[in-house]
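Where a number appears in this text, it was derived from the coordinates with a stated rule and is not lab data. The structure presented is a predicted model; accordingly, all values stated were derived computationally and were not measured. With ideal geometry, Cβ positions are generated from the backbone for all residues, glycine too; neighbour counts draw on all protein chains shown.
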């Protein structure tokens, strides 16, 4: 049976502490429904963009957003399909989570992993390879040098290795492990096994995300740790490979500690980013008490509030920075609404007006 070997270092403990503190603030932040929907939408967009870009997809974040919104993008069919596919994977994760809910008593299955791979590679791999374990040996090469950087286990071992991992996921031992560490272990092991001919990274990260959700770590679905990995993809791959290439007699003797330090640091950085953003636009308790209820803001109003939070004020000359395609009258109308609701106040004359939080 799969038994991960690792040490809980001071660095891991420190980053887990950051994760827990950030999670507490995010989960309890008083947000109006429109902000919450916006954060979730942005997290999905970031996950899809960085999750596919990490694997070589050249589409920009703006192009990914256009694809998700159904706008035509001039790009390779494969690149567009990868974006659509990863969106479908995230929808699948949401459906599984909705059906099962956060629970430590779930039973994870191999079929779930295979379904995520099928969704990931639809119209990219031939049907006989999509949602199926590989039947041949594959290697991981350095894209710049062409040298083999990692050789995964033989294809004949793949079904048994994945079964071992799934059994471990459902074991009492795994249920006692902190969800972040558990997700990191699962991500590493799937990447090491490399069960498929293509799409292994996306499936590994998707599986880790699903496990976090099922273990009660959905964190309002505001996060995307793919962005951290994609900021320095070489570091991501080298950290994985450094553990996988350790010279040991038994694969269970590989020490996962360096990878788990890297993984938990990434989750801590991402959740800290989300926490800071949530804090900037959380509805102030005094304003909520004054208004008596939360307010549903539209997209333009949310952008104005976020800009004022970030820059400590908004002047007339800033209108074009936020809304290059809208008239001043449109912006002034939105500001009037925010002023009427007691969220923003105006100082100075018409031409030199400055709008700040009230």
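Taking the Kirkwood radius as Rh and the Cα radius of gyration as Rg, the stretch 1-114 has a ratio of Rg/Rh equal to 1.04.
Sorting 270, 36 by the number of Cβ atoms found within 10 Å of their own Cβ, with the fewest placed first, yields 36, 270.
Most fluctuating residue of 330, 207, 151 in a GNM of the chain with Cα springs under 10 Å: which is it? Comparing 330, 207, 151 in a Gaussian network model of the chain, the most mobile one is 330.
What is the ratio of the Cα radius of gyration of the stretch 234-279 to 2.2 N^0.38 Å, with N the residue count, to two decimals? Show your work: numbers first, answer last.
Working: Rg = 14.5 Å, N = 46, 2.2 N^0.38 = 9.4 Å.
Relative to the rule-of-thumb radius for its length, the stretch 234-279 sits at 1.53.
Could you tell me how many cubic angstrom of Cα convex hull volume the stretch 66-215 has per residue?
Working: hull volume 19.6 nm³, N = 150.
Dividing the Cα hull volume of the stretch 66-215 by its residues yields 131 Å³.
Restricted to Cα atoms, the stretch 111-178 shows a radius of gyration and a Dmax of 15.1, 44 angstrom. Per residue, the chain reaches -18500 deg cm²/dmol at 222 nm when only DSSP H runs of four or more residues are counted, each adding -39500 (n - 2.57). Whole-percent P(r), the stretch 1-48, all Cα pairs, 5 Å bins from 0: 4, 16, 12, 16, 16, 13, 12, 7, 3, 0. Per-residue Cβ neighbour counts within 10 Å put 212, 68, 135 in the sequence 135, 68, 212, beginning with the fewest. Highest GNM mean-square fluctuation among 275, 221, 91, for the chain modelled with Cα contacts below 10 Å: 91.
For the stretch 139-203, report the translational diffusion coefficient in µm²/s to the nearest whole number, using Stokes-Einstein at 10 °C, 1.306 mPa s, and a Kirkwood Rh over Cα pairs. Each step should come with its number before you reach the end.
On the way: Rh = 13.1 Å.
It comes out at roughly 121 µm²/s.
The long axis of helix 328-340 is offset from the longest Cα principal axis of the chain by roughly 90 degrees.
Working value for the chain: equivalent-ellipsoid semi-axes of 42, 23, 18 Å, each the square root of 5 times a Cα gyration tensor eigenvalue, largest first. Normalised by the number of residues in the stretch 49-119, the average gap of Cα pairs under 8 Å and 6 or more apart makes the relative contact order 26 percent. Among 15, 218, 77, the largest mean-square fluctuation in a Gaussian network model of the chain (Cα springs under 10 Å) belongs to 77. Given an 8 Å cut-off on Cα distances and at least 6 residues of separation, report the relative contact order of the chain as a percent. Across the chain, relative contact order equals 24 percent. Put the Cα centre of the stretch 114-139 next to the Cα centre of the stretch 12-88 and the gap is 23 Å.
Exposure proxy for 38, 358, 182: other Cβ atoms within 10 Å of each Cβ, ordered fewest to most, give 358, 38, 182. On the basis of the beta-carbon distance and an R0 of 35 Å, residue 306 and residue 24 show a calculated FRET efficiency of 0.95. The mean sequence separation of alpha-carbon pairs under 8 Å and at least six residues apart, normalised by the residue count of the stretch 169-271, gives a relative contact order of 32 percent.
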